[in-house]
Amino acid sequence: MLAKHCPICDRLISHSDVICPDCRNSFEKELFDNFMTRCNNCGYPLVADLYECPHCREFHNFYVYSLSPYSSYFSRRILEFYKFNGKKSLSKFIAQCFDKHINDTDAVVTWVPCSPESLKKRGWDQMKEIALKMKNKAVCLLLNSGISVQQKTLTKEQRMTVSQNKYLLSENNAAMLSKTTPIILIDDVMTTGNTLYACYLLLKNYGFTDVRCMTLLCEL
Ligand SMILES: [Zn+2]
Ligand SMILES: [Zn+2]
């Protein structure tokens, strides 16, 4: 059998591992749950219970469970190695991290689809790879229309509209599920939240009653 290496530090690992124990430890130390509480309503990480939740102020009942801060060194490295350094095996590690926070076996996992350009460039959709490796059933519910606009010069409202036009619901796949099926929507990073919220709204507006999101990183 071929020797297996940690995709992050290149150390030899056992065949049952995805990354080495040291890298796993470094990653686990960075998790929000080690040093922050969460908003009861939306899951957003808060410094203390006393603060008004900024995420609740901006969005309406938009539940997002993010694992680590965007500023964290190791978690971001995992994502960068996965997306840009061709370490595709990390999809399994990220899938396992998400799995730990899902205890509803009936829930269906879906993902924010990558753009047609990056699909062409990379050859695979990074969030779909992760969704397919998660324990819950994965169903493709969203499509990326390929519309892309430089968002920097736009107002907040314009950005939201652009994000909303960028994604489409896959109605054929959605029609195969009951509206009460819990949906878990995954993405890699939440920054403004606009992309994820646009996708969330497509699912909610279609009629799914229980839609929750998860991301690996969150920019606070
Ligand atoms: Zn390692
Ligand atoms: Zn909140």
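Screening Asn61 against (1) within 16 Å of ligand 2 (Cβ to nearest atom); (2) at negative phi leaves a single unmet condition, (2). Checked against (1) out of contact with any Lys or Arg (no Cβ under 8 Å at 6 or more places or on another chain); (2) within 15 Å of Ala138 (Cα to Cα), Asp99 passes all but a single condition, namely (1).
Among the residues of the stretch 20-45, just one is in a loop (DSSP other than H, G, I, E, B), in contact (Cβ under 8 Å) with a residue 12 or more places away in the chain and surrounded by fewer than 16 Cβ atoms within 10 Å (Cβ to Cβ), namely Asn41. Only one of the numbered conditions (1) loosely packed, with under 14 Cβ neighbours inside 10 Å; (2) modelled with pLDDT under 95; (3) of a type outside the set (S, T, N, Q) is violated by His101, and that is (2).
Which of the following residues is within 16 Å of ligand 1 (Cβ to nearest atom) and more than 22 Å from Ile184 (Cα to Cα): Tyr82, Tyr73? Exactly one residue qualifies, and that residue is Tyr73.
Residue under question is Ala48, and the condition is that it be out of contact with any His (no Cβ under 7 Å at 6 or more places or on another chain), aliphatic (A, V, I, L, M) and free of Cβ contacts under 8 Å to residues at least 40 places away in the same chain; does it hold? Explain how you work it out, then say what you get.
Working: out of contact with any His (no Cβ under 7 Å at 6 or more places or on another chain): yes; aliphatic (A, V, I, L, M): yes; free of Cβ contacts under 8 Å to residues at least 40 places away in the same chain: yes.
Judged against the criteria, Ala48 is a match.
Within the stretch 1-19, which residues are near ligand 1 (Cβ under 8 Å from one of its atoms), more than 14 Å from Arg77 (Cα to Cα) and either of a type in the set (D, E, K, R) or touching a residue at least 24 places away in the same chain (Cβ under 8 Å) (or both)?
Arg11 - this is the single residue of the stretch 1-19 that is near ligand 1 (Cβ under 8 Å from one of its atoms), more than 14 Å from Arg77 (Cα to Cα) and either of a type in the set (D, E, K, R) or touching a residue at least 24 places away in the same chain (Cβ under 8 Å) (or both).
Listed here are the residues, each with its yes/no results for (1) within 16 Å of ligand 2 (Cβ to nearest atom); (2) surrounded by fewer than 13 Cβ atoms within 10 Å (Cβ to Cβ).
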residue	(1), (2)
Val18	no, no
Leu50	yes, yes
Cys56	yes, no
Lys92	no, no
Trp111	no, no
Lys120	no, yes
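The values are calculated or read from the model by the stated rules, or taken from the named source; none is laboratory data. These figures come from a predicted structure and were not determined experimentally. Note that each Cβ is placed from the backbone with ideal geometry, even for glycine, and that neighbours are counted across all protein chains shown.
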